[in-house]
1. Given (1) on the phi > 0 side of the Ramachandran plot; (2) at pLDDT below 90, where does Asn371 come up short, assuming only one miss?
2. Would you check if Ala209 is assigned to a helix (DSSP H, G or I), of a type in the set (Gly, Ala, Ser) and buried (at least 16 other Cβ atoms within 10 Å of the Cβ)?
3. Output the number of residues of region 212-245 satisfying the condition of being more than 21 Å from Asn273 (Cβ to Cβ) and part of a helix (DSSP H, G or I).
4. Can we say Ala414 is of a type in the set (Gly, Ala, Ser), closer than 30 Å to Ile249 by Cβ and at pLDDT below 85?
5. If Glu408 meets every condition in (1) under 19 Å from His298 (Cα atoms); (2) touching a Lys or Arg at 6+ places or on another chain (Cβ under 7 Å) apart from one, which number is that one?
6. Does region 401-439 hold any residues that are closer than 14 Å to Ser159 by Cα and either hydrophobic (A, V, I, L, M, F, W, C) or in a loop (DSSP other than H, G, I, E, B) (or both), and which are they?
7. Where residues in region 225-269 are polar (S, T, N, Q) and under 22 Å from the mean Cα position of the chain (by Cα), which of them is surrounded by the most Cβ atoms within 10 Å (Cβ to Cβ)?
8. Tell me whether region 166-188 contains one or more residues that are surrounded by fewer than 19 Cβ atoms within 10 Å (Cβ to Cβ), farther than 30 Å from Ser317 by Cα, outside the structural domain of Lys426 (by TED's automatic domain parsing) and within 18 Å of the chain's Cα centre (by Cα).
Amino acid sequence: MNTMTQTMKQLLSKLLFACFFMFSWPLAVQADTLIDRIVAVVNNDVILKSELNEHMLSQQQALASQGIPMPSADILQQKVLDSLILEKLQLERAKQLGIEISDEQITEQLEKIATQNDMSVIALRKRLNLENPNGFNALRNQIKTQATIQKVREAEILSQTQVSESEIKNLINRQALKNIQESLQLGHILIELPNSPTPQQRQTALEKAQQIHQRLEAGEDFRQLAVQYSDGNNALKGGELGWLKPSEIPSFFNEAIAGLSPGDISPVIQSPNGFHIVKLIDKKETGASNSTQTYHLHRFILPSDNALQQEKPKELSKLVTSLHSIDDFNALKAHFPEIPKEVNQQSDLGWRLLKELPKALQEKVQTLQPNQALEPLPTQQGWMVLFLEAIKNTPLNSENLQQQAMQEIRMRKASEMFERWLQRLKDEAFIEIKLNDYE
């Protein structure tokens, strides 16, 4: 799974949870934001104090929900302001490129979030608006912002990444020597260097990285130090980069993390854009490197004209918990004899790759064991029960191997370029910080 897509998936899976907190503001905080002022100018746009306060509170609650110790208010304020500046710059770049997100794309993501939280879209709307009158619209805007930024990064970085035939061949040959593919969950702290740094700037950054490394070796919390000191894009997430295949990890990390066990910290790593410290949080086997898992799936539909706006049928939910074999699944039809036969006539979906499934289903299917079913999911046709009969490893053909290798190499190169691209956006922009103008 590539890092940028992963970033998006992580956001969507946690966004509902964060929104429940984000919109439960004390009245005193809301009253305080009535008196507004500009805290930063970003090209032709501005960031208001109310906007900064809103994101500060949201970030505090997100850190608390993850159990990450809170940095000082001044440090967190600066980190949040930096992230807002980068957001403004990326949205401005999207406008320049003519990138737009359709209402259909936003609705698709809303349906995904609702499904992940076992509720309908209408139930999601009611829940968010119960917490805050504008909760549901705020979620729509957040989805639109993140989707727009994702497309900008794909256009500016991923699509510009070149991969040679020799690189593809070398990766396939290396993977062929391994029977098992691993994924690594990494944490990251970056002490960034400016463009064309002086020897003194380089030495200062190195010393800062070394001091942080010493504190980590002494047992301090990696996530807390990432939030407090890292210049990386994932600093406010405790530096977590998510799960990566070895071929997707920046090449300058490879040697330093090669011998790490879960919980270990790398030495300080130097790259063109700064000094890095990497933590191996966890690792897992993901199957043979030259094969992929396929899933034998079956589908049952309980027709409904407005499943997306209804609560889950209790009878169907109860039946799903009793499905432990394909015979149990096929018996569902007998429980609902009023359903026209043609609705579930083609219930056997056959063997499917994850990428052949809707994105909203891919993560859910991966949680299933053979002879298990997902909870009923709302669809345009009605309530759907998806049953997994079996899983098998399917060898990749030559074309698929090449496509997979090319994508992995592109993602690795994009990861190496990403922080530099963000720095260039900032360097080319007019940015004026006005936080202290009113103090």
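1. Unmet condition: (2).
2. Values: assigned to a helix (DSSP H, G or I): yes; of a type in the set (Gly, Ala, Ser): yes; buried (at least 16 other Cβ atoms within 10 Å of the Cβ): yes.
For Ala209, the condition - assigned to a helix (DSSP H, G or I), of a type in the set (Gly, Ala, Ser) and buried (at least 16 other Cβ atoms within 10 Å of the Cβ) - is met.
3. Keep residues of region 212-245 that are more than 21 Å from Asn273 (Cβ to Cβ), which gives 214-215, 217-221, 223-224, 243, 245.
So of that shortlist, the ones also part of a helix (DSSP H, G or I) come out as 214-215, 217, 223-224.
Result for region 212-245: 5.
4. On the way: of a type in the set (Gly, Ala, Ser): yes; closer than 30 Å to Ile249 by Cβ: yes; at pLDDT below 85: no.
No.
5. Answer for Glu408: the failing condition is (1).
6. Met406, Ile409, Met411, Ala414, Met417, Phe418, Trp421
7. Step one: list which residues in region 225-269 are polar (S, T, N, Q), which gives 228, 230, 233-234, 247, 251, 254, 261, 266.
Filter again for under 22 Å from the mean Cα position of the chain (by Cα), leaving 228, 230, 233-234, 247, 251.
Numbers: Gln228: 19, Ser230: 27, Asn233: 19, Asn234: 21, Ser247: 19, Ser251: 12.
Ranking the candidates gives Ser230 first.
8. Within region 166-188, not a single residue is surrounded by fewer than 19 Cβ atoms within 10 Å (Cβ to Cβ), farther than 30 Å from Ser317 by Cα, outside the structural domain of Lys426 (by TED's automatic domain parsing) and within 18 Å of the chain's Cα centre (by Cα).
The values are calculated or read from the model by the stated rules, or taken from the named source; none is laboratory data. All values derive from a computational prediction rather than experimental measurement. Cβ coordinates were reconstructed from backbone atoms using ideal geometry, including for glycine residues, and neighbour counts include every protein chain displayed.
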